[in-house]
Structures are given as structure tokens and as C-alpha cells.
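J.: The structure is given below, and queries will be raised subsequently.
Derivation of every value follows stated rules applied to the coordinates shown; laboratory data play no part. It should be emphasised that the depicted structure is a prediction, and the values quoted were computed from it without experimental measurement. Cβ coordinates were reconstructed from backbone atoms using ideal geometry, including for glycine residues, and neighbour counts include every protein chain displayed.
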Amino acid sequence: MAAQDSPPNTLIRVTNLTKRYGDLAALTDVSFTIRQGEVLGVIGPNGSGKTTLFECLAGVLPADSGAVVLPMEAGTPGSILFYLPDAIAPWPAQPVRWALDFTIGFFGGRADARDEVIHRFELEAILDAAIGSLSKGQRKRALLAMSFLTPQPILLSDEPFDGLDLRQTREVAMALRAHRSSGRTLLLSIHQIADAARICDRFVLLSGGRVCGEGTLDELSALAAARGSPAGAKVERDLEEVFLALT
């Protein structure tokens with residue numbers, strides 16, 4: 001998919017990003033934009049390249065070719081992006097309370113938001129529990145809380161709903177939307193399409209390491225229709241059908 005002209009509110013432009021592991025192409029000519037104040041969902045099944053893409057964006061993994069164009073004043077990715085990987089357990093022997101305070105101190109985060117974040121993610125009962133002792137869902141909520149306290153204007157979160165039950169997923173989705181309303185830009189990798197449809201403003205559809213579409217649900221539906229897919233002509237827009245049509 002060719003890169004489009006960037007709108008004036010573009011924060012980051014990704015152009016022809018490619019990453020290979022030997023003969024395996026994890027990403028091939030990936031191009032899209034991240035716009036200020038949006039929730040952008042990178043949607044694709046497991047193995048589609050989402051985590052590799054996030055690691056390249058965050059500077060954790062070098063791309064083989066292509067470019068991640070940051071604002072001129074940004075300097076390095078770490079100054080504008082905070083990356084929260086999936087399935088990690090940092091400081092396993094330390095309590096959640098310590099981790100939250102360390103996050104604020106180390107990154108220069110918002111101490112004034114600490115109590116609100118603890119309440120929003122229902123962490124009161126586990127503040128003194130060691131991170132390594134938490135269940136998968138508890139750890140996910142604690143890590144998201146830490147990420148909410150970081151100051152970088154863009155938050156990258158890999159699979160923010162993984163390990164959460166239905167009620168927790170809905171509550172975290174509400175928390176992410178509220179966090180976006182505070183002025184932060186969110187880039188989320190999500191493999192459950194229903195979760196993505198609930199929270200995201202725009203979508204990047206990723207399949208086999210390639211971008212198959214970028215835009216709002218209406219824009220992607222129009223793209224599917226232009227390619228002759230019946231899904232694009234549906235009166236009731238369905239992200240799952242559009243994704244299948246375009247990939």
C-alpha cells in the first residue's frame with residue numbers, strides 16, 4: 001500500500017518499513033501515519049507482524065529498510081514514545097506500589113495522576129503484592145497503570161486486552177478512551193477485532209507483514225467496496241467483514 005500524503009496533524013509517518021529474519025519477511029513496505037490525539041489500532045491475527053512493528057517504532061529493534069519520521073523536535077523515539085510490550089513482568093520481586101512510584105520518578109511522570117490511575121485500574125487490593133505473584137489479568141492492569149503515568153505524548157501498547165475477562169476488557173477500553181481524551185495519542189496492537197472496533201478511531205490492517213488498509217471504518221468499507229467486495233457495500237459497517245475482505 002503506497003503511503004498517502006500526511007495530514008497536518010500527523011505526529012509520526014512510517015514509510016516502507018521492512019524487517020526480515022533470514023528468509024522470513026516479518027514486515028514488508030509498511031506505511032501509515034499516526035495522528036495527534038487519536039486511538040489508532042493495528043489490527044491483525046497473531047503472527048501478522050504487530051509486535052515486530054511496535055519494536056521497530058520504539059527503537060527496540062532495527063528495521064532493515066524504510067523510515068520512521070518523527071517530529072523535528074522529538075530527537076529520539078524514547079522522547080516521544082512510551083512502549084508497553086505484552087507479557088512482561090518487570091521487577092517481579094517488587095510490589096505494585098513501588099513500581100508505580102518508580103515509574104513516576106524514573107520517567108518524570110505525573111505524580112498528581114497516581115491515585116486516579118490506581119482507582120481506575122482497581123489496584124487498591126494488590127498495591128502491596130509482588131509483581132511476579134500477580135495473575136495475568138492483574139499484571140496487565142498494573143502495567144497499563146504504569147504506562148498511564150509516563151509523560152511521553154504517544155503510548156504504544158501491545159495487546160492491552162490480553163489476559164482480561166469481558167468486564168475488565170470493557171473497563172480498560174473505557175480507561176484508554178478517557179486517557180486519549182486527556183490529550184495523549186494511543187497506538188494499540190489488537191488481535192481481537194471486536195475489541196478494536198469498540199475503542200479505535202482509525203485502523204491499520206496488517207496481514208502477513210503487509211498493510212492491507214488504513215483509515216476509519218467508513219474509509220475501509222469504501223476501500224473494500226472499491227475493490228469489488230460485498231462487505232464494503234454493507235449498510236451496517238462490520239470491521240470483521242471489512243478486515244476479511246481486504247486481507
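J.: Once you place label points 7 Å from the Cα toward the Cβ at Thr216 and Asp64, how far apart are they in nm?
T.: Between Thr216 and Asp64, the simple spin-label model gives 3.7 nm.
J.: Calculate the spin-label point distance for Leu24 paired with Glu122, positioning each point 7 Å from the Cα along the beta-carbon direction, and give it in nanometres.
T.: Result for the modelled spin labels: 3.7 nm.
J.: Between Ser135 and Arg110, how many nm apart are label points set 7 Å from Cα along the C-beta direction?
T.: Here the modelled spin labels are 2.9 nm apart.
J.: What length, rounded to one decimal in nm, is gained on full extension from Arg170 through to Glu240, with 0.36 nm per residue of separation minus their alpha-carbon distance?
T.: Taking Arg170 through Glu240 to full extension adds about 23.3 nm, to one decimal.
J.: Find out how many positive minus negative residues lie around Val60, taking Lys and Arg as positive, Asp and Glu as negative, among other residues whose Cβ is under 15 Å from that of Val60.
T.: -2
J.: Let me ask you something else. Could you work out how much longer the chain between Ala226 and Thr76 gets when fully extended? Use 0.36 nm per residue separation minus the Cα distance between them, nm to one decimal.
T.: 50.1 nm
J.: What longest region of the chain stays clear of GluC sites (Glu not before Pro) that DSSP places outside H, G, I, E and B and that have at most 13 other Cβ atoms within 10 Å?
T.: The segment 123-235 is the longest one with no such site.
J.: Hey, another quick one. Hey, if you put +1 on the Cβ of every Lys and Arg and -1 on every Asp and Glu Cβ in segment 32-133, which of Ala58, Leu123, Gly109 ends up farthest toward the positive end of that dipole?
T.: With unit charges placed on the Cβ atoms, the residue in question is Ala58.
J.: Related question: Excluding Pro92 itself, calculate the net charge of residues whose Cβ lies under 14 Å from the Cβ of Pro92, where each Lys or Arg counts +1 and each Asp or Glu counts -1.
T.: Once all neighbours under 14 Å are counted, the net charge is +2.
J.: If you don't mind, another one. Using the eigenvalues of the Cα gyration tensor, what equivalent ellipsoid semi-axes result for segment 109-186 when each is taken as the square root of five times the eigenvalue, whole Å, largest first?
T.: Output for segment 109-186: semi-axes of 19, 15, 11 Å.
J.: Could you please report the charge total around Leu27, scoring K, R as +1 and D, E as -1 over all other residues with beta-carbon less than 13 angstrom from its beta-carbon?
T.: Local net charge: +1.
J.: Right, next: Taking every DSSP beta bridge with both residues inside the chain, roughly what % is antiparallel (nearest 5)?
T.: In the chain, approximately 50 percent of DSSP beta bridges are antiparallel ones.
J.: Using C-alpha positions alone, give me the convex hull volume of segment 8-90 per residue in cubic angstrom.
T.: For segment 8-90, the hull spanned by Cα atoms encloses 120 Å³ per residue.
J.: What's the percent breakdown of Cα-Cα distances in segment 29-70 across 10 Å bins, shortest bin first?
T.: Whole-percent P(r) values from 0 Å outward: 23, 58, 18.
J.: Now for a separate question. What residues qualify as long-range amide H neighbours of Ala26, i.e. H under 5 Å apart, gap of 5 or more or another chain, H built at 1.01 Å from N?
T.: Residues meeting the amide H criterion: Lys19, Arg20, Tyr21.
J.: Using the count of nearby Cβ atoms within 10 Å as a rough guide to exposure, how do Asp23, Asp86 rank from fewest to most?
T.: Fewest to most other Cβ atoms nearby, the residues stand as Asp23, Asp86.
J.: With viscosity set to 0.890 mPa s at 25 °C, what whole-number translational diffusion coefficient in µm²/s follows for segment 69-147 from Stokes-Einstein and a Kirkwood radius over Cα pairs?
T.: Rounded, D is 183 µm²/s.
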